[in-house]
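Trainee: To start, I am sharing the structure in question, which I have written as structure tokens.
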Amino acid sequence: MVEIRGVHKSFGTLEVLRGIDLNVPVGEVTVILGPSGSGKSTLLRTINHLEKADSGWISVDGSLIGYRRSGDKLYELREREVLRQRTRIGFVFQNFNLFPHLTVLENIVEAPVSALKRPRKDAVAAARRLLSRVGLDDKADAYPKQLSGGQQQRVAIARALALEPRLLLFDEPTSALDPELVGEVLDVIKDLAHQGTTMIVVTHEIGFAREVADTVVFMDEGRVVEQGPPAAVLDAPRHERTKAFLSKVL
Ligand code: ADP
Ligand code: MG
């Protein structure tokens, strides 16, 4: 589904991604762990074309987006393809990012109607099904601020699903939640995983990684230090930096 080769990204003189290679197979769950500042969010944003890599390439769902040094024509020529890919990639943020002035239902309906040109009636019906899937049938007419953090994040997941994404990216989806609300959000993500949704999840929830991940990737200082099945990376890490990190979060 996603192939990443030799991706480099700097902000000014700070090299944030230092040659990332990663494969995410269709239907699998990849969990990315790593200390704060190691480049996890930047990697997700690069996959979703919210950031432009300086070099290397990323292919999503068979469509190659080439990168060369910045300013290269190759990228500009593929702007249309970038936009197409973005509507097929769902992104769930740490802070939910719901539209505060729209109801829950309107939050979910907005993108399918405006980006995918779905008839409103169909988008509303689909949104109601999605709300039921995340356990929020009764919240369609509420505004985000009337919901708990866990409920808001479940709406954000429903909103991402409304674009029928081929790939879902989660950037620390439970980090902003009170501890007692983490479980309800992880349960929704687990449910999606069991239905074969391809996803990349950045999280510090080691229990979730152990239970749900097909592959765990440990990143540090802009590089993939170690990757493999959860049992290997979490229980028998080979690198000192992975061991040090796990000893802090476990
Ligand atoms: P992580 O998600 O692993 O905590 P990030 O990808 O958010 O790491 O950030 C990696 C590094 O890049 C950090 O030092 C951060 O301050 C820096 N960084 C991220 N985005 C930007 C930006 N738009 N401009 C400048 N520096 C950035
Ligand atoms: Mg981050």
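The values are calculated or read from the model by the stated rules, or taken from the named source; none is laboratory data. Being a predicted model, the structure only gives us computed values, none of them experimental. We place every Cβ from the backbone using ideal geometry, glycine too, and count neighbours over all the protein chains shown.
Trainee: When you scan the stretch 213-231, do you find a residue that is away from ligand 1 (no atom under 15 Å from the Cβ), among the acidic types (Asp, Glu), at pLDDT 95 or above and not in a strand (DSSP E or B), even just one?
Mentor: Yes, that holds for at least one residue.
Trainee: Can I ask one more? Filter the stretch 168-178 down to residues that are within 16 Å of ligand 2 (Cβ to nearest atom), within 12 Å of the chain's Cα centre (by Cα) and either part of a strand (DSSP E or B) or aliphatic (A, V, I, L, M) (or both), then give me how many there are.
Mentor: 3
Trainee: May I pose another question? Restricted to the stretch 1-34, and to residues that are under 16 Å from Pro173 (Cα atoms) and in contact with an Asp or Glu (Cβ under 8 Å, 6 or more places away or on another chain), which residue is nearest to ligand 1 (Cβ to nearest atom)? Before the answer, list the steps.
Mentor: Within the stretch 1-34, the first condition is being under 16 Å from Pro173 (Cα atoms), and the residues that meet it are 29-34.
Now narrow it down to the ones that are in contact with an Asp or Glu (Cβ under 8 Å, 6 or more places away or on another chain): 29-30, 34.
Numbers: Val29: 19, Thr30: 15, Gly34: 6 Å.
Ranking the candidates gives Gly34 first.
Trainee: I'd like the full set of residues that are free of Cβ contacts under 8 Å to residues at least 60 places away in the same chain, in contact with a Pro (Cβ under 9 Å, 6 or more places away or on another chain) and buried (at least 20 other Cβ atoms within 10 Å of the Cβ), limited to the stretch 97-136.
Mentor: Val104, Asn107, Ala123, Ala127
Trainee: Follow-up. Only one of these conditions is not met by Gly62: (1) touching a His at 6+ places or on another chain (Cβ under 7 Å); (2) modelled with pLDDT under 95. Which number is it?
Mentor: Among (1) touching a His at 6+ places or on another chain (Cβ under 7 Å); (2) modelled with pLDDT under 95, the lone unmet condition for Gly62 is (1).
Trainee: What residue, of Gly196, Gly150, is more than 16 Å from ligand 1 (Cβ to nearest atom), touching a residue at least 12 places away in the same chain (Cβ under 8 Å), in a loop (DSSP other than H, G, I, E, B) and of a type outside the set (Lys, Arg)?
Mentor: Answer to the check: Gly196.
Trainee: Further question: Please indicate, with yes or no, whether at least one residue in the stretch 185-193 is within 25 Å of Asp21 (Cβ to Cβ) and buried (at least 20 other Cβ atoms within 10 Å of the Cβ).
Mentor: Within the stretch 185-193, one or more residues are within 25 Å of Asp21 (Cβ to Cβ) and buried (at least 20 other Cβ atoms within 10 Å of the Cβ).
Trainee: Another question, if that's okay. Could you give me the residue pairs with C-beta distances under 7 Å whose first residue belongs to the stretch 209-238 and is at negative phi, whose second residue is outside any strand (DSSP E or B) and of a type in the set (Lys, Arg) wherever it lies, and which are 6+ apart or on separate chains?
Mentor: Val212/Lys190; Met219/Lys40; Asp220/Arg241; Val225/Arg241; Glu226/Arg238; Pro230/Arg210; Leu234/Arg210; Pro237/Lys243
Results for (1) surrounded by fewer than 21 Cβ atoms within 10 Å (Cβ to Cβ); (2) under 16 Å from the mean Cα position of the chain (by Cα), shown as yes or no for each residue.
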{"residue": "Val155", "(1), (2)": "no, yes"}
{"residue": "Ala162", "(1), (2)": "no, yes"}
{"residue": "Arg166", "(1), (2)": "yes, yes"}
{"residue": "Glu205", "(1), (2)": "no, yes"}
{"residue": "Leu234", "(1), (2)": "no, no"}
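Trainee: Can I ask one more? Please go through the stretch 171-208 and give me each residue that is out of contact with any strand residue (DSSP E or B) (no Cβ under 7 Å at 6 or more places or on another chain) and at positive phi, ordered by number.
Mentor: The answer is Gly196, and nothing else.
Trainee: Just give me the residues in the stretch 3-46 being within 16 Å of ligand 2 (Cβ to nearest atom), surrounded by fewer than 15 Cβ atoms within 10 Å (Cβ to Cβ) and part of a strand (DSSP E or B), in sequence order.
Mentor: Scanning the stretch 3-46 gives Phe11, Leu14.
Trainee: Is there any pair linking a residue in the stretch 77-96 that is hydroxyl-bearing (Ser, Thr, Tyr) to one that is surrounded by 17 or more Cβ atoms within 10 Å (Cβ to Cβ) and part of a helix (DSSP H, G or I), with Cβ under 9 Å and at least six apart or on different chains, and which?
Mentor: Thr87/Ala111
Trainee: Let me ask another. Val188: in contact with a Gly (Cβ under 8 Å, 6 or more places away or on another chain), more than 30 Å from Lys9 (Cβ to Cβ) and of a type outside the set (D, E, K, R), yes or no?
Mentor: When the stated conditions are applied, Val188 passes them.
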